[in-house]
Amino acid sequence: GISHDLRTPLARLRLETEMSVNDEVAREHMVADIVQLDATIDKFLDYARPDHVTLTPVNLHAVVSSCVYAVQDHRELQITMSVPEDLNVLADEVELARVISNLLENARRYGKAEDTGITNVDIVAKGRENWVLVKLRDHGPGVPPEQLSNLTKPFFRGDSARTAAAGAGLGLSIVDKTVQRMGGIFALANSSTGGLVAHLQLQRATGLPDGADPKQRLQRPSVKRQLPRRRAEDRTA
């Protein structure tokens, strides 16, 4: 497929670079460029993904917990999560995880507190009639108000590069398109107390996910973490 056709030459180029370039610094920079190009290709393919998805009951707590667990080694990221364990949504589980992961990565990169370099993220969800409302908020500098409406437009890149997907300007566009494919609504706003807030409105599921046991609590890792404060990477890294 197209993914294989695009990535195979990059894989060969990376191997040849690592084996043939003697200058260590030059080699590292070349490999980093190849990795960035590969990530950009991945985002383009995500954005071009077909519109049709199959929606099934998905446990929101399980998906969010898994996404948080996947980034637990990022010590400049502190996450507090408040998602009821019995809250289910109609979604494609893989696509929903992609949405949460993209938002966490965006917050990690561009939601750092200016005084500490640490990104604090709050994830809160609650059910309201036929919908589930999810709020993912960082405590960073936020976004200039005049740019908010453009952040989900493909290839738009604001001053803070909030839209960045390895430089492609597709990250938040992919989130918006994916949420719409699942019959939901995605919106961004600046918090009155600082930081950017991502609002997700997803269809609420009345049934249980396949294989779910309503009497058994999810065995998920703890996601409320207070990590040691340390100097994080520069904003431009």
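The values are calculated or read from the model by the stated rules, or taken from the named source; none is laboratory data. Please read all numbers here as calculations on a predicted model, not as lab measurements. Ideal geometry is used to build each Cβ from the backbone, glycine not excepted, and the neighbour counts take in all protein chains shown.
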Within the stretch 109-140, work out how many residues are part of a loop (DSSP other than H, G, I, E, B) and either more than 14 Å from the chain's Cα centre (by Cα) or surrounded by fewer than 16 Cβ atoms within 10 Å (Cβ to Cβ) (or both).
-> 11
Of the residues that make up the stretch 117-128, is at least one modelled with pLDDT under 90 and either under 19 Å from residue 80 (Cβ atoms) or not aliphatic (A, V, I, L, M) (or both)?
-> yes
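Here's a check for you: in the stretch 193-209, which residue that is of a type in the set (S, T, N, Q) and not in a strand (DSSP E or B) is modelled with the lowest pLDDT? Reasoning before the result, please.
Initial filter on the stretch 193-209 (of a type in the set (S, T, N, Q)): 193, 201, 203, 206.
In the following step, the residues that additionally are not in a strand (DSSP E or B) were identified as 193, 206.
Details: 193: 90, 206: 84.
Top of the filtered list is 206.
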The stretch 105-136: number of residues that are in contact with a helix residue (DSSP H, G or I) (Cβ under 8 Å, 6 or more places away or on another chain) and either more than 23 Å from residue 57 (Cβ to Cβ) or among the charged types (D, E, K, R) (or both) = 4
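Of all residues in the stretch 161-188, how many are of a type in the set (S, T, N, Q), modelled with pLDDT of 90 or more and buried (at least 21 other Cβ atoms within 10 Å of the Cβ)? Spell out how you get there, then give the answer.
Going residue by residue through the stretch 161-188, those that are of a type in the set (S, T, N, Q) are 163, 173, 178, 180.
Keeping just the survivors that are modelled with pLDDT of 90 or more gives 178, 180.
Keeping just the survivors that are buried (at least 21 other Cβ atoms within 10 Å of the Cβ) gives 178.
Within the stretch 161-188, residues that are of a type in the set (S, T, N, Q), modelled with pLDDT of 90 or more and buried (at least 21 other Cβ atoms within 10 Å of the Cβ) number 1.
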Search result, residues across the stretch 57-82 that are within 17 Å of the chain's Cα centre (by Cα) and among the aliphatic types (A, V, I, L, M) | 60, 62, 63, 64, 68, 70, 71, 77, 79, 81
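Restrict the check to the stretch 141-149 and report whether at least one residue is closer than 15 Å to residue 182 by Cβ, part of a loop (DSSP other than H, G, I, E, B) and touching a residue at least 40 places away in the same chain (Cβ under 8 Å). Step through it out loud before you land on a result.
Start the filter on the stretch 141-149 by keeping residues that are closer than 15 Å to residue 182 by Cβ, which leaves none.
Scanning the stretch 141-149 turns up no residue that is closer than 15 Å to residue 182 by Cβ, part of a loop (DSSP other than H, G, I, E, B) and touching a residue at least 40 places away in the same chain (Cβ under 8 Å).
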